[in-house]
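The values are calculated or read from the model by the stated rules, or taken from the named source; none is laboratory data. Please read all numbers here as calculations on a predicted model, not as lab measurements. Neighbour counts are summed over all protein chains in view; Cβ atoms, including those assigned to glycine, are modelled from backbone coordinates with ideal geometry.
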Amino acid sequence: MTHSAAEPSATSGFVPVDQSVSLPLYVQVIDQIESGIRRGSLPPGSFLPAEPQLVQDFRVARGTLRRAIDYLIDKGLIVRVRGVGTRIAAAPGIDKPGIRSLYAELAAADRKPATRVLRVDACDADRALSDLTGFPIGTPLRTIVRLRLANDLPVAVMENYFPAAFPEPRVDELTDRSMDEYWERIGHSAAMVRQEVIACLPTTEQAALLGIEAGVPILSEHLRVYDDSREFTNYSRNFYHPTLYRMTSVSTKR
């Protein structure tokens, strides 16, 4: 979507939505606000302009704007503060004292790592993929699905999602190395990672790849990765074998 004929608002930087395209108007509003948050032009703790100003900037009805705002609140990107306004939520991500890939962990433990590439696809982020990854709707994405083994035993099914604007990884970076080396090579090494770990049931495909029964619970790890400039570079989702891998952490008093 382009806005070549529209000038950004002097106060907010937003431009009027494009009435001539099929993309719903509220989705275009969501896209602009999400993009501002990802780029940092809407920093955490700052407030969106008041509703009348946003209606004027986007040139949409109040109902359209409120639908977009409600979606962004549900997604956790913005927060309503009663009597004050709508604030950009706290920056996603936690600083980790050491950011190390699964490949590096296995190698350090003398568990011979190997990787099998299952799929490499390209697609534009739809609503479901945007909800999953955090990338704005319509973003061209590269999707990589791999199986990580240790001593020839399956340990994890790994999914990576990142903008197709980044260079395509080399074959050896997908099979014989960690993806961390790819990000370092192109100048976007991980500086901050937001991690979420939840229990889930594997899909039929995941269970077959991990060599377990479909009803056996597994751990899934969700990672949002940011580089030194705090640019959101990639989203990863790892599904771990229930007995061949374990997570440990150390907490210290600050």
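Taking the stated definitions as given, is SER220 in contact with a Cys (Cβ under 7 Å, 6 or more places away or on another chain) and crowded, with 17+ Cβ neighbours inside 10 Å? For SER220, the condition - in contact with a Cys (Cβ under 7 Å, 6 or more places away or on another chain) and crowded, with 17+ Cβ neighbours inside 10 Å - is met.
Specify the residue that is nearest to THR203 (Cα to Cα); the eligible residues are those in the stretch 130-152 that are out of contact with any strand residue (DSSP E or B) (no Cβ under 7 Å at 6 or more places or on another chain) and modelled with pLDDT of 85 or more. Checking each candidate, the answer is LEU132.
Apart from one condition, TYR226 fits all of (1) modelled with pLDDT under 85; (2) under 19 Å from the mean Cα position of the chain (by Cα); (3) farther than 24 Å from VAL117 by Cβ; the exception is (1). Against the criterion of being of a type outside the set (Ser, Thr, Tyr), modelled with pLDDT of 90 or more and under 18 Å from the mean Cα position of the chain (by Cα), PRO167 qualifies.
Which of the helices (runs of 4 or more DSSP H) contained wholly in the stretch 1-77 include at least 2 residues that are modelled with pLDDT under 90? Fully inside the stretch 1-77 and qualifying: 25-39, 62-74.
Scanning the stretch 35-49 turns up no residue that is β-branched (Val, Ile, Thr), within 15 Å of VAL17 (Cα to Cα) and surrounded by 13 or more Cβ atoms within 10 Å (Cβ to Cβ). With respect to the conditions (1) free of Cβ contacts under 8 Å to residues at least 40 places away in the same chain; (2) crowded, with 18+ Cβ neighbours inside 10 Å; (3) touching an Asp or Glu at 6+ places or on another chain (Cβ under 8 Å); (4) over 19 Å from PRO113 (Cα atoms), ILE212 lacks only one, and its number is (3). For the stretch 177-195, does any single residue satisfy the condition of being under 17 Å from the mean Cα position of the chain (by Cα), in a loop (DSSP other than H, G, I, E, B), of a type outside the set (Val, Ile, Thr) and closer than 26 Å to ILE218 by Cβ? Checked the stretch 177-195: at least one residue is under 17 Å from the mean Cα position of the chain (by Cα), in a loop (DSSP other than H, G, I, E, B), of a type outside the set (Val, Ile, Thr) and closer than 26 Å to ILE218 by Cβ. Candidates are the residues of the stretch 44-70 that are more than 24 Å from the chain's Cα centre (by Cα) and of a type in the set (Gly, Ala, Ser); the one that is farthest from ASP31 (Cα to Cα) is ALA50.
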